[in-house]
Amino acid sequence: MISIKGLRKKFGPLTVLDDIDLDIPSGQATGIVGPNGSGKTTAIKALLGLVKPNAGDILIDGESIKGQWDYRKKIGYMPQIARYPENMTVSELFEFIKNIRETGETNKDELISYFGLEPELEKRMRTLSGGNRQKVGAVLAMMFDPEILIFDEPTAGLDPHASVQFKNMVHREKEKGKTVLLTTHIMSEIEELADYLIFIVEGQIRYHGPMKELIEKQQEQRLEGAVAKMM
Ligand code: ADP
């Protein structure tokens, strides 16, 4: 479904993505791991059309995303650090995004209730706790029920209870057949959620393959050990 072909991105002299060729399996959760600065966020931004590659292409359902915008409707994105209109209340923000999208159809009420956001709805964004901002981000990413979900360090600001809530939600989306892409530096989270692993170091794919294969290969070693070996 998502096919990355010869993708290269440089920032000045720095090559951040170095000829990436990759097929991301659909209907599964793919974990992108790698040290800080290895190019994970840049790869996600290229997929979202927020970063223009120097070479290569990304195809979604066989179609190049170059010069396109409509394909973005297939993607829900929860950024690591999000900027919101801070003076809006949570419900105003949801309404605002719904109006931009020109649709009456959303599953936001179900998501609000899932994340227990009801008491926050009339609060202004700037007064929200970090965890609740993350939850608002999760609702925004999923309210239009997109085929592809991208989460950049999704549980970074969440307390343990909210992390579990979030992980259960990812399992639910997978069961619905969604394609999930997530970056995290928490290895246990990858083990728990990902069916497929992409390991990036300095803009190059060091490993990609089914998680099962990786875990079997390493036999009694935990994933953390397997990944440490590759670094
Ligand atoms: P990761 O998500 O794996 O931590 P990033 O994709 O954020 O890595 O960054 C990869 C490298 O590209 C880093 O060295 C970062 O400093 C650099 N970088 C990212 N965005 C920009 C930018 N807009 N301008 C210049 N350098 C950037």
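The values are calculated or read from the model by the stated rules, or taken from the named source; none is laboratory data. Because the structure is predicted, anything quoted here is derived from the model rather than measured. With ideal geometry, Cβ positions are generated from the backbone for all residues, glycine too; neighbour counts draw on all protein chains shown.
Any chance you could count how many residues in the range 34-75 are at positive phi, more than 15 Å from the ligand (Cβ to nearest atom) and either surrounded by 15 or more Cβ atoms within 10 Å (Cβ to Cβ) or of a type in the set (V, I, T) (or both)?
Initial filter on the range 34-75 (at positive phi): 34, 37, 39, 49, 56, 61-62, 67.
This time we only want the ones that are more than 15 Å from the ligand (Cβ to nearest atom), so: 56, 61-62, 67.
Now restrict to residues that are either surrounded by 15 or more Cβ atoms within 10 Å (Cβ to Cβ) or of a type in the set (V, I, T) (or both): 56.
Within the range 34-75, residues that are at positive phi, more than 15 Å from the ligand (Cβ to nearest atom) and either surrounded by 15 or more Cβ atoms within 10 Å (Cβ to Cβ) or of a type in the set (V, I, T) (or both) number 1.
Go over the candidates M88, M78 one by one and state the one that is within 16 Å of the ligand (Cβ to nearest atom) and either free of Cβ contacts under 8 Å to residues at least 40 places away in the same chain or under 20 Å from the mean Cα position of the chain (by Cα) (or both). Spell out the reasoning first.
On the way: M88 fails: within 16 Å of the ligand (Cβ to nearest atom).
Of the residues listed, the single one that is within 16 Å of the ligand (Cβ to nearest atom) and either free of Cβ contacts under 8 Å to residues at least 40 places away in the same chain or under 20 Å from the mean Cα position of the chain (by Cα) (or both) is M78.
How about the range 73-86: which of its residues are outside any loop (DSSP other than H, G, I, E, B) and either in contact with a strand residue (DSSP E or B) (Cβ under 7 Å, 6 or more places away or on another chain) or within 13 Å of I2 (Cβ to Cβ) (or both)?
K74, I75, G76, Y77, M78
Which of the helices (runs of 4 or more DSSP H) contained wholly in the range 100-206 include at least 2 residues that are in contact (Cβ under 8 Å) with a residue 12 or more places away in the chain and closer than 30 Å to A228 by Cα?
Details: elements: 108-114, 130-142, 160-175, 187-193.
Because the criterion is at least 2 residues that are in contact (Cβ under 8 Å) with a residue 12 or more places away in the chain and closer than 30 Å to A228 by Cα, the helices (runs of 4 or more DSSP H) in the range 100-206 that meet it are 130-142, 160-175, 187-193.
Got a sec? Which of T30, T15 is more than 7 Å from the ligand (Cβ to nearest atom), modelled with pLDDT of 95 or more and within 21 Å of L197 (Cβ to Cβ)? Explain how you work it out, then say what you get.
Working: T15 fails: within 21 Å of L197 (Cβ to Cβ).
Being more than 7 Å from the ligand (Cβ to nearest atom), modelled with pLDDT of 95 or more and within 21 Å of L197 (Cβ to Cβ) holds for just one of T30, T15, which is T30.
Within the range 170-186, track down each residue that is more than 15 Å from the ligand (Cβ to nearest atom) and not hydroxyl-bearing (S, T, Y).
Start the filter on the range 170-186 by keeping residues that are more than 15 Å from the ligand (Cβ to nearest atom), which leaves 170-180.
Within the range 170-186, V170, H171, R172, E173, K174, E175, K176, G177, K178, V180 qualify.
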